[in-house]
1. So, of the residues in the range 281-308 that are assigned to a strand (DSSP E or B) and surrounded by fewer than 20 Cβ atoms within 10 Å (Cβ to Cβ), which turns out to be modelled with the lowest pLDDT?
2. What residue, among those in the range 461-487 that are touching a residue at least 12 places away in the same chain (Cβ under 8 Å) and outside any helix (DSSP H, G or I), is surrounded by the most Cβ atoms within 10 Å (Cβ to Cβ)?
3. For Val60, only one of the following conditions fails: (1) surrounded by 16 or more Cβ atoms within 10 Å (Cβ to Cβ); (2) under 38 Å from the mean Cα position of the chain (by Cα). What is its number?
4. On the basis of being in contact with a helix residue (DSSP H, G or I) (Cβ under 8 Å, 6 or more places away or on another chain), within 24 Å of Leu235 (Cα to Cα) and of a type in the set (D, E, K, R), does Arg539 make the cut?
5. Within the range 639-653, which residues are of a type in the set (A, V, I, L, M, F, W, C) and within 15 Å of Trp603 (Cβ to Cβ)?
6. Please work out which residue is farthest from Glu391 (Cα to Cα), limiting yourself to the range 343-364 and to residues that are of a type outside the set (Gly, Ala, Ser), part of a loop (DSSP other than H, G, I, E, B) and open to solvent by less than 20 Å² (accessible area, probe 1.4 Å).
7. Contact list please: Cβ distance under 9 Å, first residue in the range 426-439 and among the β-branched types (Val, Ile, Thr), second residue assigned to a helix (DSSP H, G or I), pairs at least six apart or on different chains.
Amino acid sequence: MTTQSQTHPSSLFLSTSPTGDETDFIRLIEAISKSKTPVPKKSQFIFEYTKEAAIHNTLVLAKYDFDLGKALEAQGFSEVSAGSELRPVYQLEALFRYHPNLQSILEVASRGVDYKAPDLPEEKRLEILRSRLEKGNQKSALTKDAIPIVTRLMKKDVVNAYSIIVLPSCLERLKDCELYAMGLQHQMTIDENGNSVPKKRLTHNLSEDKKSGVSINQRVKKEDLPPTVYGYTMLRVLHLIHHIRFNFPEERILLKKVDIEAAYRRLHTIASVAAKCCAQYYLTHLDDDGNHILLDENKIATNRVTGGFSFISEATFDLTDELIKCKLWDPTIDPPPLAELVPEPERLDDSQPFGIALETDVKFPKIVTCGCDGYLDDSITVTKDGEDDKEQVDRAKTADLKALHLTFRPNEGDNEPVPRPPVASVRKLKAEGTLREIIVFLGWFINTRKFIICLPNEKATSWIRSIVELMNKDKADYDELATTVGRLNHVAFVIPSARHFLNRIRLAQDRADKATFAPITKEVKEDLKLWLDFINNARAGISINRIVFRKPTSIVLTDASELGIGGYCLQSNRLWRLKFTPEEARAFSLNMKEYLGAAIGAWLALEDDASTCPCILSLSDSSSTVSWLHSSNHNPNSSPCHNELARMHARKMMLANACDYSQHIKGCENHIPDSLSRDFHLSNQQLLSLFKSTCPHLLPDNPQIMALPPQITSKIASLAQLSPKPRELNCQPKPSTIALGVSGWTSAGKEKLPTPIWKTSPPSIGPVSYAPSWTKFGTGSSLSNLPLREPPRNRPQTSGYDHPLKW
């Protein structure tokens with residue numbers, strides 16, 4: 001396929017220094033910004049939404065044996081060429097020469113995006129194609145209200161050269177052609193004034209017939225796709241906001257957004273993949289009343305040339321980050337297009353207090369005060385707004401627009417072969433392009449002043465209404481349940497433990513997938529009712545402290561045996577243990593007992609934790625409470641005990657405004673909880689004497705062994721009654737490791753405590769040999785030596801780009 005000239009005028013650019021020399025960087029971006037770029041010529045195709053254009057384009061393809069690849073190659077550098085939306089290859093290579101996405105960027109700019117989807121057998125392909133031609137589009141695109149909207153959106157695609165319009169008869173002859181149904185999705189967006197307005201998005205179901213595994217989405221080889229990092233964008237952004245607030249507690253933090261217009265349409269796929277992404281619709285006629293009429297003889301087909309975008313956008317976000325931090329860059333010199341539309345920053349009244357950031361265990365390599373990240377077509381800029389940050393704020397105002405200008409080909413207006421919208425959405429730039437302390441990003445309100453994140457009111461109201469409607473039904477279809485699960489999973493980002501109240505709803509969704517409809521049972525309705533509370537909590541606002549990776553405020557150690565459970569909190573003097581009744585011991589598996597001990601340990605720790613947002617690290621010898629939560633998405637019917645305990649724990653943590661921390665230790669080092677859960681032949685006084693003589697360094701000050709309160713023991717008894725198949729216990733009680741060598745003690749506990757006598761053979765007991773790995777946490781209230789956690793996702797690091805916030 002013919003692309004832009006590959007000739008690199010070596011005298012034009014000075015390469016950026018791998019050591020990050022800002023002078024070279026400024027000279028490079030100035031040279032690229034001022035350089036001219038070739039304008040694509042007009043191709044042989046006609047981009048009009050008319051029957052005449054469809055006939056003409058079909059004849060063009062016929063000249064090239066209905067081979068889209070040959071037809072595109074013959075056009076030279078035109079509006080249908082790969083990379084026609086981007087700057088010339090040599091400019092991109094100079095700009096991103098030290099970026100890890102460089103090779104992917106150059107491949108897209110020179111050849112196009114290749115999803116590497118294997119071809120279907122020819123007979124199978126034609127069979128599916130003819131079936132879908134006859135079946136047509138989804139009902140959502142064919143209603144009376146949808147027809148004019150779909151027509152307008154299809155026309156926009158064609159006029160902007162994002163689709164090539166042809167006759168339906170062309171599809172059966174087009175090489176590699178596949179057809180997928182169109183639909184219409186209802187969404188919300190904003191107008192130029194920032195008001196929420198309804199929006200309709202045209203969908204193209206490339207997963208059609210997913211159960212058969214023949215759709216292009218199912219056939220794409222995922223292992224051949226380039227890696228992406230946008231999945232953790234929100235988490236990275238919140239950590240950056242937290243980092244700035246923690247280090248500068250009395251400084252404003254400003255945010256802004258830029259939306260890349262038609263981002264998914266600006267990159268071309270290779271011809272063989274583009275042919276696999278065709279759609280069909282109608283050229284409508286208006287009747288005497290102004291209604292759009294669909295006439296079967298006016299069917300048309302389009303080649304919707306979609307393309308991958310993440311590695312282009314991620315490089316652009318990194319470039320924005322570089323520009324904000326580059327003190328030598330003056331945004332007033334050669335400002336980018338649309339810079340005049342960016343208003344001055346908006347700041348809240350000084351009387352509003354700043355939210356407090358609690359300590360995390362994710363540390364940035366150095367203190368940073370600004371940055372840029374993004375999710376595909378949405379970029380977000382973050383900057384501190386203190387007295388010393390005026391120049392940084394000025395750079396943050398237009399750095400994203402400058403990065404887009406340096407990456408994408410400048411708009412030549414009337415010289416363009418087809419109409420071409422600006423790269424940055426003008427409408428959203430006017431509404432969201434202002435630096436402010438409150439913005440909406442990825443469907444969430446972020447308030448940096450209050451230090452909270454919340455669900456927009458319009459979205460919360462709409463979702464609550466749909467849930468109430470679902471609760472009033474006796475059955476629901478797959479699409480309605482899938483939409484509900486997707487929305488509730490979105491809410492669970494700020495309330496992670498709430499995901500365990502999705503179990504029954506997901507089961508109903510799976511049933512509807514197999515049987516068209518699923519009954520909305522009493523239990524499902526109870527869960528939906530609870531989700532109404534979660535949505536309202538998310539609408540009111542959740543502290544960012546509950547979402548970022550926090551340093552634990554309480555560390556709990558627990559263990560379980562077949563006979564019982566036990567544990568203690570390092571920040572409390574209370575040790576506890578419970579011997580199961582025979583019924584409870586038979587009802588719970590050992591894994592269930594481990595989880596039960598970890599959950600109870602966390603609940604007791606909450607009582608002594610005075611933090612405004614407790615973070616509990618509750619460890620058993622095999623996992624932690626949060627790990628149990630992540631793995632306890634059990635079927636309520638086959639694993640009722642696990643499922644109900646997860647629900648109890650999730651509810652308890654949410655009511656306490658608390659969160660779990662994940663980590664575990666080896667069972668062989670968990671000596672005190674191990675003894676508490678096993679050594680029921682020893683009295684409380686004997687156990688304390690044993691601990692003080694063998695591992696005093698692991699004990700809190702003034703330790704006391706307590707009995708569990710009745711409200712907890714009653715919950716354990718109620719959980720045991722849920723077990724569908726009680727087990728037979730044939731094992732013998734096994735003392736703990738540190739109690740194996742004790743002689744002269746009986747279960748009566750009335751004798752005078754002797755000095756423990758240990759065997760001369762292993763195990764060799766002593767304070768040093770029994771110091772587990774977690775003792776580096778410290779046993780007091782100070783957690784300053786807690787080891788750092790791994791960040792949420794390692795973002796590529798390059799020698800020329802220093803991005804401490806992008807892991």
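1. Residues of the range 281-308 assigned to a strand (DSSP E or B): 281-282, 285-286, 292-293, 299-304.
Right, trim to surrounded by fewer than 20 Cβ atoms within 10 Å (Cβ to Cβ) and you get 285-286, 292-293, 299.
Numbers: His285: 69, Leu286: 66, His292: 70, Ile293: 71, Lys299: 83.
Here the residue is Leu286.
2. Top of the filtered list is Ala476.
3. The number of the failed condition is (2).
4. Numbers: in contact with a helix residue (DSSP H, G or I) (Cβ under 8 Å, 6 or more places away or on another chain): yes; within 24 Å of Leu235 (Cα to Cα): yes; of a type in the set (D, E, K, R): yes.
Here the answer is yes, as Arg539 does meet what is asked.
5. Of everything in the range 639-653, those that are of a type in the set (A, V, I, L, M, F, W, C) and within 15 Å of Trp603 (Cβ to Cβ) turn out to be Leu645, Ala646, Met648, Ala650, Met653.
6. First, pick out the residues of the range 343-364 that are of a type outside the set (Gly, Ala, Ser): 343-350, 352-354, 356, 358-364.
Within this subset, residues satisfying the condition of being part of a loop (DSSP other than H, G, I, E, B) are 343-350, 352-354, 356, 358-359, 361-364.
Add one more test, that the residue is open to solvent by less than 20 Å² (accessible area, probe 1.4 Å), and what stays is 361-362.
Working: Asp361: 31, Val362: 28 Å.
Per the criteria, the residue is Asp361.
7. As it stands, the answer is Val426/Leu341; Thr434/Lys397; Ile439/Glu432, since those pairs meet every condition given.
Results for (1) farther than 29 Å from Ile446 by Cβ; (2) in a helix (DSSP H, G or I); (3) touching a residue at least 60 places away in the same chain (Cβ under 8 Å), shown as yes or no for each residue.
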| position | (1), (2), (3) |
| --- | --- |
| Asn489 | no, yes, no |
| His500 | no, yes, yes |
| Ile505 | no, yes, no |
| Arg511 | yes, yes, no |
| Lys514 | yes, yes, no |
| Ala518 | yes, no, no |
| Glu523 | yes, yes, yes |
| Leu532 | no, yes, yes |
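The values are calculated or read from the model by the stated rules, or taken from the named source; none is laboratory data. All values reported here derive from a predicted model rather than from experimental measurement. Every residue, glycine among them, receives a Cβ derived from its backbone with ideal geometry; neighbour counts consider all protein chains shown. Keep in mind that these areas ignore ligands, DNA and RNA; they rest on the heavy atoms of the full protein, side chains included. Shrake-Rupley method; radii C 1.70, N 1.55, O 1.52, S 1.80 Å.
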